[in-house]
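To start, the structure under review is shown below, and the notes come after it.
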Amino acid sequence: MPTVSGPGASRVAAAGARTVAAGTARLLAAWCTGSPLPEAPDRRCEGVADLAARRASVSQSLFFTDRITAALIELGDDEPGLRGRVEHSEMVYDGANAFVRVADSWTGFSLADPGGPRGPNDPLWPLDALFGAGDDAEETGPEAVRGVPATRYRLTFDLARADAALPAGVSVPSGPYRSLSRLPAEVWLDAAGLARRISVCSEPTAAADAQVWSIVELWDFGAAVDITPPGPDEILAPSEAYRVAGEEPPGQNA
């Protein structure tokens, strides 16, 4: 497979900024084991993004993919309240912050300055990682994403490069420090140079069939999107939000 050079390499390197400049989009995020290509059960959330404002509003299987959600529901059919705790929840990602709606309230976990870097669990984290695209891209051929013609590239991401390119910086997954400079990645770019799918392997030292890929798909660029994070007076502590809702926080009794 040919290594991308000259204008091709520049096209891949420019894809992050070009995609953010598109303004808004619909999105789907997935976690996939052993492959950069997600299947339907690998989906973890779907919604809309304001790329310029670094915000996303999604319906999410809280901390799980649809595959794991279905398995938990099947195993826990006799446990009251399990279905409500693992089915899709409304979430708003605002820069470094993530908010989840619990019944009629909002809560958040590890809230910080929204101007900071997105966490690796943010559905748009792969887009931040794309700013670290290396110069080792290989074009693997044409491949449509959601019916849109695209060109697929295989390359590595250097998160130090991404951190330097982004005003807010980038968060990193756990693992050996040296691996962060060569994370395996695949990118699908359309004719306009917009990223239609970004897949990043966050566990490059694992066996190939055990590597976890973080994936985001983007489409309907320029769609009307209005995302307003909850204000400080609308946010309850997690324990209080779930107490009011009569539920257990995620991870307890599940």
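The values are calculated or read from the model by the stated rules, or taken from the named source; none is laboratory data. None of the values given here were measured: they were computed from a predicted structure. In this analysis, Cβ positions are derived from the backbone assuming ideal geometry, glycine residues included, and neighbour counts consider all displayed protein chains.
Can you pull out the residues in segment 222-238 that are aliphatic (A, V, I, L, M) and either in a loop (DSSP other than H, G, I, E, B) or over 17 Å from residue 103 (Cα atoms) (or both)?
Restricting attention to segment 222-238, the residues satisfying the condition of being aliphatic (A, V, I, L, M) are 223-225, 227, 235-237.
Scanning segment 222-238 gives 223, 224, 225, 227, 237.
Looking at the structure I just gave you, is residue 140 closer than 20 Å to residue 217 by Cα and touching a residue at least 12 places away in the same chain (Cβ under 8 Å)? Before the answer, list the steps.
Values: closer than 20 Å to residue 217 by Cα: yes; touching a residue at least 12 places away in the same chain (Cβ under 8 Å): yes.
Against the criterion (closer than 20 Å to residue 217 by Cα and touching a residue at least 12 places away in the same chain (Cβ under 8 Å)), residue 140 qualifies.
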Among (1) modelled with pLDDT under 85; (2) assigned to a helix (DSSP H, G or I); (3) closer than 16 Å to residue 129 by Cβ, the one test that residue 242 misses: (3)
Which numbered condition residue 205 misses (of (1) modelled with pLDDT under 95; (2) assigned to a strand (DSSP E or B)): (2)
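So, in segment 192-203, how many residues would count as being closer than 17 Å to residue 120 by Cα, surrounded by fewer than 20 Cβ atoms within 10 Å (Cβ to Cβ) and in contact with a helix residue (DSSP H, G or I) (Cβ under 7 Å, 6 or more places away or on another chain)?
We begin by selecting, within segment 192-203, every residue closer than 17 Å to residue 120 by Cα; these are 197-203.
Pick out the ones that are also surrounded by fewer than 20 Cβ atoms within 10 Å (Cβ to Cβ) and you get 203.
Applying the additional criterion that residues be in contact with a helix residue (DSSP H, G or I) (Cβ under 7 Å, 6 or more places away or on another chain) yields none.
Looking only at that region, the number is 0.
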Filtered residue count, segment 182-202, keeping only those that are over 15 Å from the mean Cα position of the chain (by Cα) and modelled with pLDDT under 90: 0
Residue count for segment 131-181, restricted to those that are crowded, with 17+ Cβ neighbours inside 10 Å, among the basic types (Lys, Arg) and either farther than 22 Å from residue 121 by Cβ or at pLDDT below 95 (or both): 2
Enumeration of residues in segment 149-181 that are of a type in the set (Val, Ile, Thr) and over 18 Å from the mean Cα position of the chain (by Cα): 151
Within segment 21-32, considering residues that are under 14 Å from residue 126 (Cα atoms), of a type outside the set (Gly, Ala, Ser) and buried (at least 20 other Cβ atoms within 10 Å of the Cβ), the one modelled with the lowest pLDDT: 32
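Looking at 35, 110, 89, 57 in this structure, which one is at pLDDT below 90 and within 25 Å of residue 130 (Cα to Cα)? Break it down into steps so the answer makes sense when it comes.
Numbers: 35 fails: at pLDDT below 90; 89 fails: within 25 Å of residue 130 (Cα to Cα); 57 fails: at pLDDT below 90.
Just a single option satisfies the conditions, and that option is 110.
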Matching residues in segment 210-227 - criterion: being at pLDDT below 95 and surrounded by fewer than 17 Cβ atoms within 10 Å (Cβ to Cβ): 210, 212
